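J.: Could you have a look at this structure, given as structure tokens, before my questions?
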Amino acid sequence: MSIAIITLPILYSGINPLSNLIDVLLELSGHIYLITGNEGNAFKDKQGINCYGFTINFADTKPRIIFNYLLIQLYTSIGLIKIIKKIDVIFFYFGEADILPMVLAKLFRRKVIIVLGGDLSLSGKLQRSPLAKITSAICNLSLSLTDRIIVYSKRAIKDQGLEIYKEKILVTHKHFLNFDKFYIINRLGERDNVVGYIGRLSAEKGIVNFLDAAIKLSQKNPDIKFLIIGDGDMRIIVENSLKNHNNFGERVTLTGWISHDEIPYYLNKMKLIVLPSFTEGLPNVMLESMACGTPVLVTEVGAVPDVIRDGETGFIMESNSPECIEYHIMRSLTSPHIDGVVKEARLLVENEFNYQHTVELFENAVGEIFR
């Protein structure tokens with residue numbers, strides 16, 4: 001079976017999830033054709049990959065978004081035409097708005113699978129733009145054309161309004177961890193009271209609410225320190241908060257982006273990591289934290305409830321309001337069951353998110369459309 005992956009230009013934070021998908025599909029095919037842009041060029045030297053890359057300069061103005069979108073449709077379609085006779089199945093990774101190459105694939109009678117997930121691509125920008133209704137129509141057309149739709153959890157079917165496509169939906173995930181890299185270095189009791197955040201500094205990740213909660217906590221609990229890792233369009237807001245609250249700023253470390261190889265080191269410095277997102281798929285950093293023995297405090301969004309059971313494998317907060325975040329940080333840090341949470345979380349990811357298990361899940365999913 002010959003496989004192609006088409007993805008809209010992804011953000012830096014999307015490189016590792018895409019790499020996971022590529023590794024899994026390489027087990028099924030041995031060779032992957034990748035059509036993408038921007039950071040996708042990071043895969044051009046990867047063994048077993050034939051990468052067709054292109055560059056798009058993003059801008060948030062309405063005319064530029066439209067122009068970029070049309071340009072991407074053209075580039076991906078040209079790339080697909082060059083390889084379409086060599087492939088059997090095409091994965092559109094976060095590409096539900098990638099309508100032109102999808103129509104092209106169906107005209108050549110190729111099997112098409114859409115992999116849905118978090119907001120990592122240009123489709124997220126389109127959905128937040130004044131063109132939302134048009135984008136929605138394009139996405140619905142794509143979903144109607146595809147042979148199968150892969151989602152992370154059954155919950156996503158309702159959350160994303162996919163009930164009408166339920167006959168073609170497959171529930172699986174592409175997440176796996178390298179347990180030689182993500183493991184417990186420092187036991188929880190040996191760590192300082194460091195509460196962390198890792199992710200994009202953007203509105204949908206709840207970073208502003210986390211900051212508000214952290215400021216209040218720092219006033220009441222001077223022994224708690226904070227570690228914020230990431231970058232994004234709201235970094236200036238984070239930096240201003242540190243400047244405007246001197247006592248708070250002294251207890252916060254803001255690293256900016258770090259390499260993926262550095263994440264285990266920082267996770268092993270935290271006593272708790274907070275993921276206060278408004279929307280998520282299945283956040284990789286949540287699984288990596290669990291592997292490193294770092295308890296997670298998360299909002300009940302996306303596929304998170306499939307993994308996190310409150311007080312057993314992590315901690316769940318009912319909203320991401322600053323007051324709620326503040327309360328649940330203290331609840332988590334002072335939980336008498338926190339050591340048990342660490343143990344159960346580690347066991348869960350070892351059993352459910354190892355490489356072989358993930359390959360088997362995808363093998364069953366892809367094989368199903370050829371039966």
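Throughout, read-outs are computed from the coordinates displayed, never taken from laboratory work. Because the structure is a prediction, the values reported are computed rather than measured. Here the Cβ is made from the backbone with ideal geometry for all residues, glycine too, and neighbour counts use every protein chain on show.
J.: Given 289, 213, 268, which one lies farthest toward the positive end of the charge dipole of region 188-352, if we put +1 on the Cβ of every Lys and Arg and -1 on the Cβ of every Asp and Glu?
T.: The listed residue farthest towards the positive side: 213.
J.: What size of dipole, in debye to the nearest 20, comes out for the chain about its Cα centre when the only charges are +1 on Lys and Arg C-beta atoms and -1 on Asp and Glu C-beta atoms?
T.: With Lys and Arg at +1 and Asp and Glu at -1, about 1020 debye.
J.: Decide, for region 319-371, between rounded, prolate and oblate: order the square roots of the alpha carbon gyration tensor eigenvalues as a ≥ b ≥ c, take rounded if a/c falls under 1.5, and otherwise choose prolate if a/b is larger than b/c, else oblate.
T.: oblate
J.: For the cross-link pairs 181/243; 85/158; 269/343; 44/133, which exceed 27 Å when the distance is taken from alpha carbon to alpha carbon?
T.: 181/243; 85/158; 44/133
J.: Among 279, 173, 132, which residue has its Cα positioned farthest towards the positive end of the charge dipole of the chain, with +1 placed on the Cβ of Lys and Arg, -1 on the Cβ of Asp and Glu, and the dipole taken about the Cα centre?
T.: Among 279, 173, 132, the one farthest towards the positive end of the dipole of the chain is 132.
J.: To continue, here is another question. Sort 25-36, 328-339, 242-253 for me by packing, meaning the mean count of neighbouring Cβ atoms within 10 Å per residue, highest on top.
T.: 25-36, 328-339, 242-253
J.: Tabulate in residue order the Karplus-calculated ³J(HN,Hα) for region 23-29, using 6.51 cos²θ - 1.76 cosθ + 1.60 with θ = phi - 60°, rounded to whole Hz; enter x for Gly and Pro.
T.: Once rounded to whole Hz, the list reads 4, 5, 6, 5, 5, 8, 10.
J.: Largest first and in whole Å, give the semi-axes of region 188-352's equivalent ellipsoid, each being the square root of 5 times a Cα gyration tensor eigenvalue.
T.: Semi-axes from the Cα gyration tensor: 23, 17, 15 Å.
J.: Related question: Mind checking which of 147, 261, 192 has the largest fluctuation in a GNM of the chain, springs on alpha carbons under 10 Å?
T.: Its mean-square fluctuation being the largest, the pick is 261.
J.: Using a 7 Å offset from the Cα along the Cα-to-Cβ direction at both residue 318 and residue 223, what is the distance between the two label points in nm, to one decimal?
T.: Roughly 2.9 nm, to one decimal.
J.: Also, I was wondering about something else. With springs only between Cα atoms under 10 Å, which of 96, 262, 312 fluctuates most in a Gaussian network model of the chain?
T.: In the Gaussian network model the winner is 262.
J.: So what J values fall out for region 83-91 if you push phi through Karplus, 6.51 cos²θ - 1.76 cosθ + 1.60 with θ = phi - 60°, rounded to Hz, Gly and Pro as x?
T.: Once θ is set to phi - 60°, the couplings for region 83-91 become 10, 4, 6, 9, 10, 9, 9, 10, 9 Hz.
J.: With unit charges on the beta carbons (Lys and Arg positive, Asp and Glu negative) and the dipole taken about the Cα centre of the chain, which residue among 337, 19, 198 sits farthest to the positive side?
T.: Farthest towards the positive pole: 19.
J.: Say we join alpha carbon atoms closer than 10 Å with springs in a Gaussian network model of the chain; which of 50, 38, 240 then has the biggest fluctuation?
T.: Of 50, 38, 240, the most mobile in the Gaussian network model is 240.
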